[in-house]
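For reference, the structure is listed below as structure tokens.
Nothing in this text is a laboratory measurement; each read-out follows from the coordinates by a stated rule. All values derive from a computational prediction rather than experimental measurement. Cβ atoms come from the backbone with ideal geometry, glycine included; neighbour counts cover every protein chain shown.
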Amino acid sequence: MITTRLTIAAVAAVVLLSACERPPMKAEQNGYRGTGMVQITNPRIAAAQKAALPAVPELPPPGPNDGPKAKDTYQNVQVLGDLSVAEFTRHMVAITQWVAPTQGCAYCHAGANFADDSLYTKVVARRMIQMTRHLNTDWNKHVGQTGVTCYTCHRGQPVPTYMTFDPVTPKNNRVGVGLGDDAGQNKAVPSIASASLPYDPFSHYLSGDEPIRVGGPAALPTPEHRTSIKQAEFTYALMMHMSKSLGVNCTFCHNTHSFQAWDGPVQRVTAWYGIRMARDLNNAYMDPLQKTFPPHRLGPTGDVANVNCSTCHQGVNKPLGGLQMAKDWPGLWPGGPATSAQNADTLDQLQRTVTRLSQAEPGAAAR
């Protein structure tokens, strides 16, 4: 009997401890002790994540951008035309390796006539190159000096692994027979860390422009500021998605003494720009391609796949471990990496944004 009990206890201990991470753990304070402002990481898991990062394909280094221009040499070059023929060719080789290494040039180009636009993939690729240039040029407050290339999202696949489609309407997505619809929540969806929260915060916040902040200026709702627990759940769903996508906890961006305050980590401002960047990309670049994509590339409701935080980050707070991606690709980063003076100016702008948001009326920062 005693042996049986000891065996049961040992098995129970093994099961219990199997869900725990064995020490040592690394704790990094980013605020006052005792306030919960700490990021806890496991060095072994961090090392495994780093080792699992894909190797960026080795490609020829940039050369001088002189000689005949691509737009004057080839037909129907609508973007990257100001590159020299040599640089244009280097960019095309890179994009093939980043997006369709198995399919090769034929993934976008129809036979020997590279000027032909009959394949939808070429039309989409052209628009994605424009989007990448826009990201590196106009969203420096989020992508910083790292920059992005096609590989940041695609990683050798024609379709990025992490994209979002609109879910089917609740009436077609019932919890169970006779239980009614699911009210847009209570599904173990990986994108929101399998929480019992609304599973589609994306169409509200990463393509729509609904206010994210739900904290009111008074204890009771006012005509100007009416929020509900349901709205708060949608906000929490987006926060769970961001936390999972970056592999961090709440204090990476928020100050525990007041989650709506802007005097905490500067990452919150970077995230603020990131949300608006995702909205911009989905509204201006992804959604307008709905008529370009064939039906099999659309979602269950006929929509185009949208980007979210996981599309680039894929579980780490800096995509691909912070590897500087775009510095060697002038066609994708027309302005090139910023100088030290421009870096300082960007930091100054971020600080001004923090001050402006902290002084704004409640809810203003969510717009």
Excluding residues fewer than 8 places away in the same chain, name every one of the lysines whose C-alpha is closer than 27 Å to that of LYS69.
LYS122, LYS327
Students often forget the sequence filter, so: which lysines lie under 20 Å Cα-Cα from LYS26 once same-chain residues fewer than 8 apart are removed?
LYS50, LYS244, LYS318
Towards the positive end of the charge dipole of segment 70-173, with charges on Cβ (+1 Lys, Arg; -1 Asp, Glu), say which of GLY104, MET163, ALA125 has the farthest Cα.
MET163
May I ask you to list the trypsin sites (Lys or Arg not before Pro) in segment 243-299 that are in a DSSP loop and have at most 14 other Cβ atoms within 10 Å of their Cβ?
LYS291
